[in-house]
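See structure below.
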Amino acid sequence: MLQDTENTGGPLGADGTGIPRYLQLSTLFRRMIASGEWQVGSQIPTVEELAAEYGVARATVRQALGILNGEGLIERYRAKGTFVTYRPQEQLWCEVETDWSGLLRSRSGATIELLSEETGHQPPNIIQSDGERARSYRRFRRRHWREGKPFLLADTYLDEALCKRISHEDLVTKTALSLVADIRGLKIAGASQTLTIGAADVLTAKGLQVPLNVPVAYVHRTVISDSGRLVMVSDGTYRGDVVRLDIKLK
């Protein structure tokens with residue numbers, strides 16, 4: 001049993017994470033729905049049963065279930081109980097491509113919102129790159145939408161020397177790799193991609209319109225020109241309930 005009393009920490013405690021117990025519990029319940037452990041149409045345990053199982057107050061469970069109810073994942077019926085009404089993974093439609101040609105394709109029905117554009121930056125997080133850094137980069141902060149939902153927040157750093165070759169239309173229609181691949185006269189010698197899994201912080205949750213601490217996918221991409229220069233770095237955060245990574249092993 002996971003302990004969560006008023007004065008103790010533990011897996012569901014308000015410990016060093018600073019995340020309230022009910023938010024941590026709502027994340028756990030959301031994952032149970034997403035994984036199919038709580039199936040669509042099935043009745044979930046009662047508030048009393050969940051409180052006893054996870055060692056939390058009934059009020060904490062009610063708060064957690066209230067979040068899921070607001071998201072349309074569950075429905076509570078008087079005198080009948082609480083039932084699962086929606087499974088997030090039934091709406092997976094955002095594949096994180098693993099090949100160059102796939103990464104260059106635009107997503108059908110997707111739109112791009114340019115949030116900000118600033119000069120004089122350096123990429124803060126270079127995970128893997130053999131390229132020489134440019135003197136200065138322009139940072140484009142963009143948000144990608146589809147079906148009325150934001151699914152990706154991305155900071156793209158592009159070599160300032162190349163920015164005059166792209167247009168505003170490019171910025172609101174092309175993915176980061178398409179943006180750099182279509183620059184006239186630029187020859188690309190190498191590109192890399194790194195994906196890690198994390199949880200949404202306050203700013204990410206607000207930007208992607210998801211609850212705090214839900215799973216998200218961080219994707220870091222770099223592009224090197226034939227002259228050995230690191231011409232682009234892109235750090236994107238995908239919301240976890242609409243993203244899928246497919247890798248063919250054989």
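The values are calculated or read from the model by the stated rules, or taken from the named source; none is laboratory data. Bear in mind that the values here come from a model prediction, so they are computed numbers and not experimental data. No Cβ is skipped: glycine too gets one built from the backbone with ideal geometry, and neighbour counts run over all protein chains shown. Protein only, heavy atoms only, side chains kept; ligands, DNA and RNA dropped before computing areas. Shrake-Rupley method; radii C 1.70, N 1.55, O 1.52, S 1.80 Å.
Values as computed for the structure displayed
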quantity	calculated
Over 26 Å [Cα-Cα, segment 117-245], rounded percent	22 percent
Accessible surface of R141 - all protein chains present, 1.4 Å probe, nearest 10 Å²	90 Å²
Whole-percent carbon and sulfur share, accessible surface of segment 143-187, 1.4 Å	49 percent
Packing-based order for 29-35, 118-124, using average beta carbon neighbours within 10 Å, highest first	29-35, 118-124
Packing rank of 151-163, 45-57, where each peptide gets the mean count of other beta carbons within 10 Å, highest leading	151-163, 45-57
Extension gain from E160 to E49, taking 0.36 nm per residue of separation minus the Cα-Cα distance	34.1 nm
Computed E for D182/R31 - FRET, C-beta separation, R0 41 angstrom, nearest 0.05	0.55
Ranked by how many other beta carbons lie within 10 Å on average, peptides 165-178, 69-82 from highest	165-178, 69-82
